[in-house]
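Here's the structure, in C-alpha cells; my notes come after.
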Amino acid sequence: MTSETEITVPAAELRAFAAALLEAGGFTAAEAALTAESLILSNLLGYDSHGVMRVPEYISSLKKGMLVSGAGLSVINDTANSLAADGGRGPGQVQMPRFLDLLLEKSKESGVVSGALRDCGHIGRLGEWVDYIARRGRAGFVFANDNGALHFVAPPGGRAGRTSTNPVAFGIPLAGGAAFTLDMSTSAAAMGKIRLAYISGASVEEHLIQDAQGHPATDPAVLFMEPKGSLLPMGGSGGGYKGFGLSMMVDCLVAGLSGGFAPPAPEGAPPTNNVLVNIWNPEKFSGVAHMQKEAEKYLAFVRATPPVDPARPVRVAGDRAQEEKIRREKNGIPLSRGSAVALARQAEKLGIAAPAAFNG
C-alpha cells in the first residue's frame, strides 16, 4: 500500500495533540489520555490504520451517541472463571483494561478464565490487549466483531459484504515481561488500512478489494461510493474459504457469548465492538517458565532459518513492528496527507493548536 507522507511529528507532541483533541471533543481528560496513548502506540508500531487517524472518527461517534463518555462497565454474569459484561458504549481503550483486569484477577485462582464483553466502543488494535495479557505472565486470545452491523467483507464468490473484518489475536508470555503476539484480520486487510489509503488518495495492493460487480480493484474508493464494493476474505487469491470460515466462527462465538449480534444485526443496532477473551495461567499447568522457554527456543529456531535473500533475514510476527517502533521513537511518526488534513480540520473546529510540524 502506498501513501504520500506529508509531515513527521514527534511521538510525545502527537500524543498530547490527540489527547487535547479528544478532550475538547467531549471525552473526559482520563479517557482522552488513555485513548491517545493507545492510538500513538499503534502509530509507533507502524499500524497507522489504528493510530491517530481514528481521532476524528471517535469524536464523531461520541456526538452521534455511538460512544458514551463516562460509561461504566456493567457486570451481567460473574462466576469463578467467567465474566460477561456490558461496555455501555464506553471508549474501548478505557473499557478493555477494566475488563481484562477483572479476568486477570480471576486467573490467579483458575487455570482458565473466559470473558465476553458486549456493546463496547472500538477497542483499537487487538494486539495491544493480548500483549497486556502476556506481559502479566498469562497466555490468551482476543476475538472481536462489529455487532453484526458492518458488512465490508464478501464471502468467497460473492459480490456484496456480509460481515466485518473480525480480527483475532493471540499472546504468549516471554521472559522479562516480554510477549510474543499475533494479531490479524480474517479479511485480506484491515478496513482501517483501506480507509487510510482512501483519505490519502492512494491505491491499495491487488487481491484485497473488489468493486460492486466483483471485479478486482485497487482504488479504495470502490468501498466508499455507491454501489459499494467489498473487502476480500483472508487468502482471497486462493478463494478465501478458510478466512471467511474463520470470520463466521468469530461472529458466532463473540455474538453468541456476549449477547451482541452476528450479521445481520437488527435495524438501528450500533456498530460497537463485542469481544471474547480467553486467558490461561501457565502456573496452573506446566509453569510459566516452561512456556517461556519453549516459546523462546521456537522463536530463535524460526529466526535462524536460512533466508532466500541474505539481505532479508527471516522474521516472526511482531519483529517488524518492534523495528518500526525504534525508528519512529527516534525520528517521529509519519502522517499521511489525508490523516494530517483530517486532524488539522478537527483541530480548527475545536480551537486546538496543532503541533508546529502541521504548519511546515
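If only residues of the stretch 278-302 that are part of a loop (DSSP other than H, G, I, E, B) and open to solvent by less than 20 Å² (accessible area, probe 1.4 Å) are counted, the one that is farthest from MET184 (Cα to Cα) is GLY287. Annotation: of all residues in the stretch 316-343 being open to solvent by less than 40 Å² (accessible area, probe 1.4 Å) and in contact with a helix residue (DSSP H, G or I) (Cβ under 6 Å, 6 or more places away or on another chain), the one that is farthest from ALA19 (Cα to Cα) is VAL316.
For the condition more than 25 Å from ARG118 (Cα to Cα) and either at pLDDT 95 or above or crowded, with 18+ Cβ neighbours inside 10 Å (or both), what is the one hit in ASN77, ASN43?
ASN43 is the lone residue from the list that is more than 25 Å from ARG118 (Cα to Cα) and either at pLDDT 95 or above or crowded, with 18+ Cβ neighbours inside 10 Å (or both).
Per the conditions (1) open to solvent by 20 Å² or more (accessible area, probe 1.4 Å); (2) under 23 Å from ASN274 (Cβ atoms); (3) among the β-branched types (Val, Ile, Thr), the sole criterion not satisfied by ILE59 is (1). Within the stretch 47-64, residues that are farther than 15 Å from LEU335 by Cβ and in contact (Cβ under 8 Å) with a residue 24 or more places away in the chain sit with their Cβ atoms under 6 Å from residues that are of a type outside the set (Ser, Thr, Tyr) and not in a helix (DSSP H, G or I), at 6+ positions apart or across chains, in these pairs: ILE59/GLY25; SER61/LEU67; LEU62/GLY26.
Just give me the residues in the stretch 265-277 being under 22 Å from the mean Cα position of the chain (by Cα) and either farther than 26 Å from LYS106 by Cβ or open to solvent by 20 Å² or more (accessible area, probe 1.4 Å) (or both), in sequence order. Working first, answer last.
Here is the first cut: in the stretch 265-277, the residues under 22 Å from the mean Cα position of the chain (by Cα) are 265, 269-277.
Correct list: ALA265, ALA269, PRO270, PRO271.
Sort out which residues of the stretch 21-32 are free of Cβ contacts under 8 Å to residues at least 60 places away in the same chain, surrounded by fewer than 20 Cβ atoms within 10 Å (Cβ to Cβ) and either assigned to a helix (DSSP H, G or I) or in contact with a Cys (Cβ under 6 Å, 6 or more places away or on another chain) (or both), and write them in order of number. ALA29, the sole residue that qualifies. When ALA190, ALA169 are screened for being in contact with a strand residue (DSSP E or B) (Cβ under 8 Å, 6 or more places away or on another chain) and among the small types (Gly, Ala, Ser), only ALA169 passes.
The values are calculated or read from the model by the stated rules, or taken from the named source; none is laboratory data. Since the structure is predicted, the reported quantities are computational estimates derived from the model, not experimental observations. Every residue, glycine among them, receives a Cβ derived from its backbone with ideal geometry; neighbour counts consider all protein chains shown. Surface accessibility is based on the protein's heavy atoms, side chains included, excluding ligands, DNA and RNA. Shrake-Rupley method; radii C 1.70, N 1.55, O 1.52, S 1.80 Å.
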